[in-house]
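The values are calculated or read from the model by the stated rules, or taken from the named source; none is laboratory data. Since we're looking at a predicted model, the values are computed, not measured. Methodologically, a virtual Cβ is constructed for each residue, glycine included, from the backbone with ideal geometry; neighbour enumeration extends over all protein chains shown. For the accessible areas, the whole protein counts, side chains as well, though only heavy atoms, and no ligand, DNA or RNA atoms are used. Shrake-Rupley method; radii C 1.70, N 1.55, O 1.52, S 1.80 Å.
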Amino acid sequence: MKCLGKHRGWAAAFLPLCWLFLKILQPGHSHLYNNCYAGDKVIRFIPKTEEEVYALKKISHQLKVDLWQPSSISYVSEGTVTDVHIPQNGSRALLAFLQEANIQYKILIEDLQKTLEKGSNLQTQRNRRSLSGYNYEVYHSLEEIQNWMHHLNKTHSGLIHMFSIGRSYEGRSFILKLGRRSRLKRAVWIDCGIHAREWIGPAFCQWFVKEALLTYKSDPTMRKMLNHLYFYIMPVFNVDGYHFSWTSDRFWRKTRSRNSRFRCRGVDANRNWKVKWCDEGASMHPCDDTYCGPFPESEPEVKAVANFLRKHRKHIRAYLSFHAYAQMLLYPYSYKYATIPNFSCVESAAYKAVNALQSVYGVRYRYGPASTTLYVSSGSSMDWAYKNGIPYAFAFELRDTGHFGFLLPEMLIKPTCTETMLAVKNITMHLLKKCP
């Protein structure tokens, strides 16, 4: 049985049936996701002419490909690196088309199921539940992450405070407040996993908390950070979508809200903010991965975070959001081609951050305004945070650049988080200094 959940359009109505079969077949089954992605491929092509762009857009629409990079087919133009996930039954047609049209391509992932299972060891899945020996070098389910948060709240009450700022569509949500208790302190907001399939994001948020707790006494930089700042950390922003990416569709991106008028579920939580909402780079179609929602802040997750940030914006000096994949450090604006007023301060922080990151393993990140470095997109959390008075707003696109894509192996969690940690510490120390 193929995985119906991964087809975003017509198969949405059959998801409950797929779920039923998954539950029935799971106990004695050795394959992840019931072998849903066997034979699926991830293919990269870079159109060189307008004719190729038109042809690729047309075939991608006909075959209902799952676009990995960029996030919307509307972004594809001459020279755009385009990565598509194509089911087994469509890959032959796509490859035949590319060969006939003489369009160069590269198969990044030959068999998605095999790559998925190779990157996540089944034995470590069974052994990852212990809280005392919590393993930060594997991906964790939402239940495990929430249990970990409760555990830290009990065992590190001097530095950690867990609380809720609201509920997701399916009734979930918690964030952590990290730092030495004090009344008059500035703060940094960090969220991970606004898009469900980007698992390396939540892995980094957990890593950041672990490093803060472990090195607070021994590392002068960390001690200064936690003494002078609060960190509000949301390890999984899109909690419902993340849970769904573990149970049913590994490559789900959106939230899981329902719209009574449409069969397709979910909204792109990074197109749902009230800043040029549903303009360029966002879709009005509920079945698209970049669907902006019926109205700004329609998603309870977005609404809860927006309300919290509005309430605390006088104290929050930085907003950091972690995504994947592209190896970029982005800052406003995303919705337009324009220079932000405090460009010199923000650009300097970004430059130092990517240099610090590169110093660890030599991994290169591009940095700059999101609109010119990545693409124009409206309704993003980063732009909203900046427009609402948070002077340092950044979005990280973590490893890699497409070799593994959303299936970054667990063996790369440690190096990715180690280098990213240096970048975040650099940005944090930068904002503690006076910058005009």
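K276 contributes about 110 Å² of solvent-accessible surface, heavy atoms of the protein only, 1.4 Å probe. Taking 28 Å as the limit for the C-alpha separation, the pairs K224/K414; K154/K434; K254/K314 exceed it in the case of K154/K434; K254/K314. Taken over region 286-436, the percentage of Cα pairs per 10 Å bin, counting from 0 up to the bin with the maximum distance, is 11, 38, 36, 15, 1. For the set F343, F45, the ranking by accessible area, highest first and with no ligand, DNA or RNA atoms included, is F343, F45 under a 1.4 Å probe.
For H31, H140, the ranking by accessible surface with the largest value first comes to H31, H140, using a 1.4 Å probe. Averaging the sequence gap over all C-alpha pairs within less than 8 Å and six or more residues apart, then dividing by the number of residues, gives the chain a relative contact order of 16 percent.
Sorting the Cα pairs of region 135-288 by distance into bins of 5 Å, from 0 upward, gives 2, 9, 16, 20, 17, 13, 10, 7, 4, 1, 0, 0 percent per bin. Accessible area per residue was computed with a 1.4 Å probe on protein heavy atoms; D83 scores about 0 Å².
Farthest towards the positive end of the charge dipole of the chain, among the residues A350, L407, I43, is the Cα of A350, using unit charges on the Cβ of Lys, Arg, Asp and Glu.
Relative to the dominant Cα principal axis of the chain, helix 200-215 is inclined by about 20°.
Placing +1 on the Cβ of every Lys and Arg and -1 on the Cβ of every Asp and Glu, with no other charges, gives the chain a dipole of roughly 1780 debye about its Cα centre.
Computed from backbone phi with θ = phi - 60° and the Karplus coefficients 6.51, -1.76 and 1.60, the 3J(HN,Hα) list for region 39-53 is x, 5, 10, 10, 10, 10, 9, 10, x, 9, 10, 5, 5, 5, 4 Hz; x is used for glycine and proline.
Between V138, L95, C287, the Cα set farthest toward the positive side of the dipole of the chain (charges on each charged residue's Cβ, about the Cα centre) is that of V138. A 1.4 Å probe run over the protein chains yields, for region 135-432, 36 Å² of accessible area per residue, whole-number rounding.
Residue by residue, region 258-269 carries 3J(HN,Hα) couplings of 9, 10, 4, 8, 9, 7, 6, 9, x, 9, 6, 5 Hz when phi is fed to the Karplus relation 6.51 cos²θ - 1.76 cosθ + 1.60 (θ = phi - 60°); x denotes Gly or Pro.
Taking amide H atoms as placed 1.01 Å from N in the peptide plane, the amide H of Q69 lies under 5 Å from those of D83, each 5 or more residues away in sequence or on another chain. Of the solvent-accessible surface of the chain, computed with a 1.4 Å probe over protein heavy atoms with every protein chain present, carbon and sulfur atoms account for 52 percent.
Within the chain, the proportion of Cα pairs with more than 27 Å between them is 51 percent.
In the chain, helices alone account for a calculated mean residue ellipticity at 222 nm of -11500 deg cm²/dmol, with every DSSP H run of four or more residues adding -39,500 (n - 2.57).
Extending 7 Å from Cα along the Cβ direction at F343 and again at K154 yields two label points whose distance is 5.3 nm.
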